[in-house]
Structure formats: C-alpha cells, structure tokens
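One structure is given here, and the rest of the page talks about it.
The values are calculated or read from the model by the stated rules, or taken from the named source; none is laboratory data. Because the structure is predicted, anything quoted here is derived from the model rather than measured. Cβ coordinates were reconstructed from backbone atoms using ideal geometry, including for glycine residues, and neighbour counts include every protein chain displayed.
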Amino acid sequence: MNLTEKDIQTIIESVLKNVEAAIGNEAGAPSQTSSQQPLKMKQLSPEVSQTGASSHWTPTSEYGVFDNIEDAITASYDAQIAFVKQAKLADRERILSAIRTAVLKEKEHLAKLVFEETKIGNYNDKIAKHELSAEKTPGTEDLKTESITGDDGFTFVEYSPVGLIGAVTPVTNPTETIINNTISMLAAGNAVVFNVHPASKQASAYTVQLINRAIESVGGPANLVTMVKNPTLDTVQVLADSLKVKMLVGTGGPGMVKSLLKSGKKVIGAGAGNPPVIVDETADLQNAAKSIIEGASFDNNLLCIAEKEVFVLDSVADDLIFQLLDQGAHMLNHSELAQVMDFALEANTNNQPGGCTFQNRKYHVSKQWIGKDASTILNQINVNKTNTKLLICEVDVHHPFVQLEQMMPILPIVRVKDLDEAIEKAVATEHGNRHTAVMHSNNLDSITRFAKAIGTTIFVNNGSSLAGVGFGGEGHTTMTIAGPTGEGVTSAKTFTRQRRVVLAQGSLNITG
Ligand code: NAD
C-alpha cells in the first residue's frame, strides 16, 4: 500500500504531538495541529518566562530598545522561550502579519527616517525596499517538514528554532534588514537582538519599537526583537560571547563577517559584492541599457547586488553606450572623470585592505560620497544636470571604479574583444565574493559559461540585478544574501536547527 500525502500528514501530526509531549517542546517547532485550533495568546510578563529562563533583568527599555546590551539579550532570551511555549504556527503568522501591516502603513515614514539620518540613497527607492521586505519575505510556509518512509519505518526532519539570534545590520539597508531578518527569524520561532550600524541607530530604534508594538498588539510577547540603543564594536563582542546567543547573523562588509566568524558560534555571513555585468553581441541592447540603469541607479547604487561595472563586447559597445545615453545616463568625459575621482576616492595611505576585498588597493571609496545622487556629484564638478540618475565612464579594467565597490551611481564600462576576455575580467573583478553577477545575452551557451565560471549566489540574465531579490524576478526577497557562509538567499528555514525523528524497525510503516 502506498502512503498518500494526507496519510503522511496525519502520521506527522500524531507523532509530533507525542514527541512534543515527551520533550516538553523546550525549543521545538509548534504542532502543525495548532493551525486548525489557533490559540489566543496572552501578553507575557517577565515573571511568566521564569520557567527555565533568567529572571533578574532590569527592564530599562522602551519596546525593545535597551540602554544595555546584556539586558537586551536577557529580555529576548526570555521572550523566545515564552514564544515557542505559547505561540502556535497560526499565532506566529498572526504576529508576522501584524508586523507586515505596521511596516506597510509606515513605509513612507520609515524611508524618511532612514534618509534623514543616514543621508544616503534615494527616498522613493527606500519606500520600495520597505514594501519589498514587508511583502516578499516568506513566513512559516518556508518551514516544510521532510519525511522519508520505507521498509525500515518512518523518519521526519523538522525545522526547529535556533533560540536567540544576534544580528548585525548595515547602514545601506538598515531598517529593511531589521524588517526582513525579523520576519524570517520569528517565522522560525526565534527571537533576535540587533546590533545596528551606529549611523542608523535612530531609524533602527524606531523600527524595532514599531515591530514590538505590532507583536504586542496581537498578544505576542514583549521584547522578541531588541537592540542596544548605542551600538558599538564592544556590544557586538558581548553578543558574540554570550552563551544565550545561539547564532550570529552579519550583513555588511567582509571585516565584520570575518570578525563574527571568530566567535566560535554558528554564523550566517552576508558580505560585500562587486557585481559585474557582461553584455554580449546577442543581447537586446535597449533592454540591457534599461535594466542596467534601473539596477545601478536604484537607491544610488547602495545595494550589494547592484551593477557595479560593465564588460561589453567591442562589437556592441558603441550601441550599448548610445542606448544608455538615450535613456538618460550621463557620460563623464576625461576631465570630468578626473575631477570626480579627486573627491570620490581617497588614497589608501595606510596600505589597509578595505571595501569589498581583503586585497590592498591604492584607493578607498570616500565615505562622504557613498550613496549620493548623480546630480549632486555633477554639481560638485559644476555640471548642472538634474534629470540624470546614472553617470557612466569608459575605463580599463584596472580603474578603481571597476575594482572597488563604489556604491555611487557611477558605472564604469570596459570594452573587451570577446566573451573569454569578458568572463576572465568579470570573474577577477568580483574578487571571489561569489555574490551577484548579471548578464545580457540570448545565447544559452554563453549564459551557462559565465554563470559556471563566476559561481555567484545570485545570477541574473536579461534583467536588472533587482530581479535577483524578487523585484521583477520570481522568488522571495532577502536583505541578507549569505555568500561567504553559503546559505544564499536567506529565509525562515536558514534560521533553524534540523531535528530528525526516526520511528525505526518498521514502526508506523503501513506500506505493503
Ligand atoms: P560595514 O561592514 O561597515 O558595517 C556593517 C555592520 O557591521 C555595522 O553594523 C557595523 O557597525 C558592523 N561592523 C563593522 N565592522 C565591524 C567589526 N570589525 N566587527 C564587528 N562589527 C562590525 O558595512 P556597511 O557600510 O554598513 O554596509 C555596506 C556593506 O555591506 C557593503 O560592502 C555591502 O556590499 C554589504 N552588504 C551586504 C549585503 C548582503 O546581503 N550580502 C547586504 C547589504 C550590504
């Protein structure tokens, strides 16, 4: 007799009930049966969580924002224990839905807060990023139990909570990363303490409070999501050293990812990229230009996935440039480029590695100019043009704008003689980050060759890089693309522990 999916589901439900009863569901996944009988959650107080958790933290917080990192850790640790005890899958979904609704309601305000505090990027694009994070981050549907049946019995694998997660966030997507990480981590039954970039701490605090208010409004526990009011490298270290923190998640540059990896904990590391674009002779050049402008200018090129340099085959280079100019890009001439380099780059006088690679470079990008508008950059060199979103320049492969992750709306274009040269240069320029690459081609063989050679976590063909995170492309979104540690486009499942339950010796095997 063959088992139907319904039979397997019934078996899983009954086994889960028994297993949960046996292990007290200390940090386990909630019963699937709960979705049929949703529990009305009660507001949890710190006293409720005393069972099996710390009990003496001082609540010096306001909706999850703590003066002291140790207090933030203790509060979230307690909250997570209460969360898995009390919240069933349907309750988790109710919490996530409240968070999504609160963010969507305040997307303009959140974008304004981030823009005013960080002074980088583009207000309208930030609204779109908040919308994307709230709508396209998967929830509990991402956690699908796997089952195996056969002569020897029945085995299933559950995706259970990790516990308390410490998460470090970047200045380039500060609130969007908090929203995206929170939805994914809570969907999986975890709690999270954020250590945000200091230059975005006010907007981040507002977001954490908004999220906690939303959670509490549907009866969820207080302090499931916390942060320290004044984050520093020392507070990151406290997170890394805390026995209560079971996993670290770092979104930012390679220095931060490397430092988290020294913690001895499980780390999900989402590091820098320097995404190259190849345009070959088979590409639809009008579409290529449109997509390149869209991706490279979005939020003034702050995104780690954004197009950072183009390698175009000589035979179509003039036509591609014509299309880029026709669609509003501004070509920097020699003198303009030299002037822009003067202020947008800084000499690396200390010979320190930095940016998207540990290799030493002659220049660093000037932090002051990261994420500024194309028109502001032009204005600095006395070119008065307000209707352009992207500056382009023709350079060779060694140019600092090609080799550095500039995060400015300046896109260098390098001519190459053929696809071999394009692939060789694109791979070298990506610096082994294995983050994102883009191609414009209609030749399947060429697409396969480039995708194989570069081995990036995200590879987009015939679209803008944004399609790689669900913006005009299929698939869910993330603000944490874990290239260095290999988890890829993160979602709830990434923030889980796998637990295998085996019913051996033919038990529950009703086959045949
Ligand atoms: P950053 O590395 O300067 O800072 C990121 C975070 O790490 C901040 O909270 C910062 O305070 C902290 N930090 C910095 N150095 C640290 C150290 N040595 N130890 C511990 N913590 C440290 O990066 P940023 O300027 O905020 O963000 C831009 C970078 O992040 C770019 O390189 C971009 O490519 C990358 N990024 C990657 C992803 C991804 O999903 N892979 C997403 C967004 C941004």
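Things to note:
- Number of positions in segment 135-155 that are touching an Asp or Glu at 6+ places or on another chain (Cβ under 9 Å) and under 25 Å from THR101 (Cβ atoms): 4
- Among the residues of segment 162-191, those that are in contact with a Ser or Thr (Cβ under 6 Å, 6 or more places away or on another chain), away from the ligand (no atom under 16 Å from the Cβ) and among the small types (Gly, Ala, Ser) comprise ALA187, ALA188, ALA191.
- Strands (runs of 3 or more DSSP E) wholly inside segment 146-208 containing at least 2 residues that are surrounded by fewer than 21 Cβ atoms within 10 Å (Cβ to Cβ): 146-150, 153-161
- In segment 260-274, residue farthest from ARG497 (Cα to Cα) [restricted to those that are among the aliphatic types (A, V, I, L, M) and in contact with a helix residue (DSSP H, G or I) (Cβ under 7 Å, 6 or more places away or on another chain)]: ALA272
- Only one of LYS201, LYS144 that is within 16 Å of the ligand (Cβ to nearest atom) and among the basic types (Lys, Arg): LYS201
- Residue check for LEU303: within 10 Å of the ligand (Cβ to nearest atom) and over 16 Å from VAL196 (Cβ atoms): yes
- Restricting segment 364-384 to residues that are away from the ligand (no atom under 16 Å from the Cβ) and of a type in the set (Ser, Thr, Tyr) leaves a set whose member that is surrounded by the fewest Cβ atoms within 10 Å (Cβ to Cβ) is THR376.
- Taken across segment 417-427, residues that are part of a loop (DSSP other than H, G, I, E, B), of a type outside the set (S, T, N, Q) and more than 24 Å from PHE298 (Cα to Cα) do occur, with at least one present.
- Whichever residue in segment 256-266 is more than 10 Å from the ligand (Cβ to nearest atom) and not in a loop (DSSP other than H, G, I, E, B) and, among such residues, is surrounded by the most Cβ atoms within 10 Å (Cβ to Cβ): LEU261
- Of the residues making up segment 103-114, one or more are under 26 Å from VAL162 (Cα atoms), touching a helix residue (DSSP H, G or I) at 6+ places or on another chain (Cβ under 8 Å) and at pLDDT 95 or above.
Here is a yes/no grid of residues against (1) in contact (Cβ under 8 Å) with a residue 40 or more places away in the chain; (2) exposed (fewer than 13 other Cβ atoms within 10 Å of the Cβ):
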position: VAL279; (1), (2): yes, no
position: ILE293; (1), (2): yes, no
position: LEU303; (1), (2): yes, no
position: GLU309; (1), (2): yes, no
position: VAL312; (1), (2): yes, no
position: GLN323; (1), (2): no, no
position: GLY328; (1), (2): yes, no
position: THR349; (1), (2): no, yes
position: THR386; (1), (2): no, yes
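- Which listed residue is of a type outside the set (Lys, Arg), within 16 Å of the ligand (Cβ to nearest atom) and modelled with pLDDT under 95, from GLY269, GLY253: GLY253
- Residue in segment 239-248 that is over 21 Å from VAL208 (Cα atoms) and either within 11 Å of the ligand (Cβ to nearest atom) or in contact with a His (Cβ under 7 Å, 6 or more places away or on another chain) (or both) present: no
- Selection of segment 484-507 for residues being part of a loop (DSSP other than H, G, I, E, B), crowded, with 16+ Cβ neighbours inside 10 Å and at pLDDT below 95 yields only PRO484.
- Only a single criterion out of (1) more than 16 Å from the ligand (Cβ to nearest atom); (2) part of a loop (DSSP other than H, G, I, E, B); (3) not small (Gly, Ala, Ser) is not satisfied by ASN274, namely (1).
- Candidate set from segment 71-104 (those that are closer than 20 Å to SER184 by Cα and of a type in the set (D, E, K, R)); member that is surrounded by the most Cβ atoms within 10 Å (Cβ to Cβ): ASP78
- ASN124 vs. criteria over 30 Å from SER297 (Cα atoms) and part of a helix (DSSP H, G or I): no
- Each residue in segment 120-138 was checked for being more than 18 Å from PRO170 (Cβ to Cβ) and over 15 Å from the mean Cα position of the chain (by Cα), and 3 pass.
- ALA288 modelled with pLDDT of 95 or more and under 23 Å from PHE115 (Cα atoms): no
Residue by residue, here is whether (1) among the β-branched types (Val, Ile, Thr); (2) more than 27 Å from ALA306 (Cβ to Cβ) holds:
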| position | (1), (2) |
| --- | --- |
| LYS229 | no, yes |
| THR235 | yes, yes |
| SER242 | no, yes |
| MET256 | no, no |
| LEU260 | no, no |
| GLY264 | no, yes |
| ILE268 | yes, no |
| PRO275 | no, no |
| ILE278 | yes, no |
